[in-house]
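Participant: The following block contains the structure, expressed as structure tokens.
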């Protein structure tokens, strides 16, 4: 069977194990059903996720012009501490920035390779942790806007990593740590104005990924260099497809690519 469309990050469902779906304009594919099966991925072109034009993707599924102008990819996305909507100060589009920044945000600890600190909108729990390939996560605080989450993350970067080692995550090379104990330490490290949002207890999330076999070494599939690839899927973790030969394919970093998938 053939599926064709523009890649966007896989949609997920929190079950045990997590369910993954590739959603295209006219169809969708439950990727879990492909475990142990061989598939073919063929690169056919580009389509910007913002303007819809068939222009080369620059970053995050956007063409260059859209990436430089869209409020959806402003600097405050990657650096929440740069958020200014709470001050009524515009970056690219104040209405958009208010909708996104002025809502509850979670600062959390997650375990995907080692303990990392991160920020996500409350509405993105637990999706954010699934996308990172975290096997466990625990919220630290829930704050009313993105700026407060950002300055909390900056303070905690002095004590925890803020990025996942994707190679270790995909090989399931995880430094097992008691996240609840680590969370308790954070109260004295977070900004004074955020301490009021720190609850004594928080729920620990456990996440199980559909993986038959973890690779010992990983090699990234680059569609620009390898426009046609065939391999047997042995797992799905984060936003990656894992193949029997050690190839890994990051769906998220290939958003905006038009592909044909034969299964």
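Read-outs throughout are calculated quantities, based only on the coordinates presented, and are distinct from any laboratory measurement. All of these numbers come straight from a predicted model, not from anything done at the bench. Counting neighbours? That spans all protein chains shown, and the Cβs are built from the backbone with ideal geometry, glycine included.
Participant: With a Förster radius of 30 Å, plug the Cβ-Cβ distance of residue 167 and residue 200 into 1/(1 + (r/R0)^6) and report the FRET value to the nearest 0.05.
Facilitator: That pair, residue 167 with residue 200, gives E of 0.25.
Participant: What is the angle, in °, between the Cα long axis of helix 146-156 and the longest principal axis of the Cα atoms in the chain? Nearest 10 is fine, range 0 to 90.
Facilitator: It is inclined by approximately 90 degrees.
Participant: Length gain on complete extension for the stretch residue 27 to residue 220, per 0.36 nm per residue less the alpha carbon to alpha carbon distance?
Facilitator: Fully extending the segment from residue 27 to residue 220 adds 66.9 nm.
Participant: Continuing with the same structure: Determine the calculated [θ] at 222 nm for the chain from helices alone, applying -39500 (n - 2.57) to every DSSP H run no shorter than 4 residues and normalising by the residue count; nearest 500 deg cm²/dmol.
Facilitator: Rounded to the nearest 500, it is -4500 deg cm²/dmol.
Participant: Taking other Cβ within 10 Å of each residue's Cβ, how do 21, 257 sort, fewest first?
Facilitator: Ascending Cβ contact count within 10 Å gives the list 21, 257.
Participant: Got the relative contact order for region 74-206 handy, in percent, Cα pairs under 8 Å and 6 or more residues apart?
Facilitator: 30 percent
Participant: Provide 129, 189 in ascending order of the number of other Cβ atoms located within 10 Å of each residue's Cβ, fewest first. Spell out each step's value before the answer.
Facilitator: Working: 129 25, 189 15.
Listing 129, 189 from fewest to most nearby Cβ atoms yields 189, 129.
Participant: Then there is this: Take every Cα pair under 8 Å in region 1-112 that's 6+ residues apart, average their separations, divide by the length, and report that relative contact order as a whole percent.
Facilitator: About 11 percent, as a whole number.
Participant: Looking at the chain, what % of its DSSP beta bridges pair antiparallel, to the nearest 5?
Facilitator: 95 percent
Participant: Okay, next question. Enter the mean projected area of the convex hull around the alpha-carbon atoms of region 53-193, in nm², rounded to one decimal.
Facilitator: On the way: hull surface 37.8 nm².
The orientation-averaged projected area of the Cα hull of region 53-193 comes to 9.4 nm².
Participant: Averaging sequence separations of C-alpha pairs under 8 Å and six or more residues apart, then dividing by the length of the chain, give the relative contact order as a whole percent.
Facilitator: RCO, the chain: 30 percent.
Participant: Would you calculate the separation in nanometres between label points at residue 38 and residue 208, each defined as 7 Å from the Cα along the Cα-to-beta-carbon direction?
Facilitator: Label at residue 38, label at residue 208, 3.1 nm between them.
Participant: Where the centre of each part is set by its Cα atoms, how far does region 16-49 sit from region 215-249, in angstrom?
Facilitator: Distance between centres, Cα-based: 13 Å.
Participant: Where does each of 174-182, 71-79, 233-241 land if you order them by average Cβ count within 10 Å, highest first?
Facilitator: With the highest mean Cβ count within 10 Å placed first, the list reads 233-241, 71-79, 174-182.
Participant: Fully extended, how many nm does the chain gain between residue 54 and residue 230 (0.36 nm per residue separation, minus their Cα-Cα distance)?
Facilitator: On the way: separation 176, 0.36 × 176 = 63.36 nm, distance 2.52 nm.
Gain on stretching residue 54 to residue 230: 60.8 nm.
Participant: Starting from 0.36 nm per residue, how many nanometres of slack lie between residue 2 and residue 64 once their C-alpha separation is accounted for?
Facilitator: Working: separation 62, 0.36 × 62 = 22.32 nm, distance 3.02 nm.
Here the segment from residue 2 to residue 64 would lengthen by 19.3 nm.
Participant: Given a 10 angstrom Cα cut-off, can you work out which residue in 32, 250, 158 is the most mobile in a GNM of the chain?
Facilitator: 158
Participant: How high is the FRET efficiency between residue 90 and residue 159 when r is their beta carbon distance and R₀ equals 41 Å, given to the nearest 0.05?
Facilitator: Once rounded, the FRET efficiency stands at 0.80.
Participant: By counting other Cβ atoms within 10 Å of each Cβ, how are 99, 146 ranked from fewest to most?
Facilitator: The most exposed by this proxy come first: 99, 146.
Participant: Provide the packing ranking of 52-58, 133-139, i.e. peptides ordered by the mean count of other C-beta atoms within 10 Å per residue, highest first.
Facilitator: Final packing ranking: 133-139, 52-58.
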